[in-house]
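Asker: One structure, as structure tokens, below. Some questions next.
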Ligand SMILES: [Zn+2]
């Protein structure tokens with residue numbers, strides 16, 4: 001098959017790019033806040049240390065559980081349940097996404113929340 | 001016979017669309033997308049690649065579009081339509097361009113297709129969710145797309161070598 005070498009160069013190139021991006025984007029330090037957005041609008045901001053269980057939405061719901069400094073979507077009525085399968089997040093920058101419900105749960109650093117309050 | 005030829009072409013087209021549908025359905029049965037939203041193998045790309053190399057760009061584009069429409073009517077909604085259309089369109093566009101350069105074989109074209117399929121989907125998801133947070137998933141999506149592209153490319157090359165339409 002002609003052009004085989006270029007094919008593999010392309011594959012390696014993409015993998016190197018993936019590795020570089022992973023290195024650049026990997027989750028940062030300690031998380032402080034759990035920020036919930038629906039359709040890009042912030043609907044909730046909770047401290048990661050405080051134990052709590054919130055249900056976001058009514059007909060389309062996701063149950064967000066925060067306990068032991070970690071957060072997870074433990075229950076949802078979306079079709080794919082990717083959000084539930086994502087499991088627990090705790091580091092700054094980590095996210096849980098529920099595409100069918102346009103929901104994003106993101107961990108922000110400890111300072112981010114305080115800044116927001118100060119402003 | 002012109003009519004015989006036309007109906008054979010139509011039958012072949014219907015067969016490929018049906019095959020693409022079956023692959024999409026199989027894929028929805030096996031969720032490989034556990035922790036990364038929207039990672040799909042893009043198995044149906046096998047049919048698109050096959051069409052691209054054996055029937056030409058136009059047939060490949062039509063098969064791809066018809067598949068997206070049918071899958072949306074069968075399993076999806078308006079959101080999943082935008083999502084899969086973006087993946088399919090970007091993937092097809094890049095595959096066409098790459099094939100035109102003549103510098104890559106079917107395997108390389110398939111790898112690019114797999115990667116772009118995932119990039120197109122995550123871009124739409126970012127636009128819909130109004131957040132760039134999803135960029136975090138890009139490395140995993142790139143790797144998944146490459147793996148899928150290699151598998152589909154290998155299968156596509158094998159089929160193209162053996163099946164004569
Ligand atoms: Zn979900």
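Asker: Of the residues that make up segment A:41-48, is at least one farther than 18 Å from residue A:71 by Cα, in contact (Cβ under 8 Å) with a residue 12 or more places away in the chain and out of contact with any strand residue (DSSP E or B) (no Cβ under 6 Å at 6 or more places or on another chain)?
Answerer: Scanning segment A:41-48, I find no residue that is farther than 18 Å from residue A:71 by Cα, in contact (Cβ under 8 Å) with a residue 12 or more places away in the chain and out of contact with any strand residue (DSSP E or B) (no Cβ under 6 Å at 6 or more places or on another chain), so the answer is no.
Asker: Hey, another quick one. Within segment B:96-142, track down each residue that is at the interface with chain A (Cβ under 7 Å from one of its Cβ atoms) and over 21 Å from residue B:85 (Cα atoms).
Answerer: Within segment B:96-142, B:103, B:104, B:105, B:107, B:108, B:133, B:136, B:139 qualify.
Read-outs throughout are calculated quantities, based only on the coordinates presented, and are distinct from any laboratory measurement. All values reported here derive from a predicted model rather than from experimental measurement. Here the Cβ is made from the backbone with ideal geometry for all residues, glycine too, and neighbour counts use every protein chain on show.
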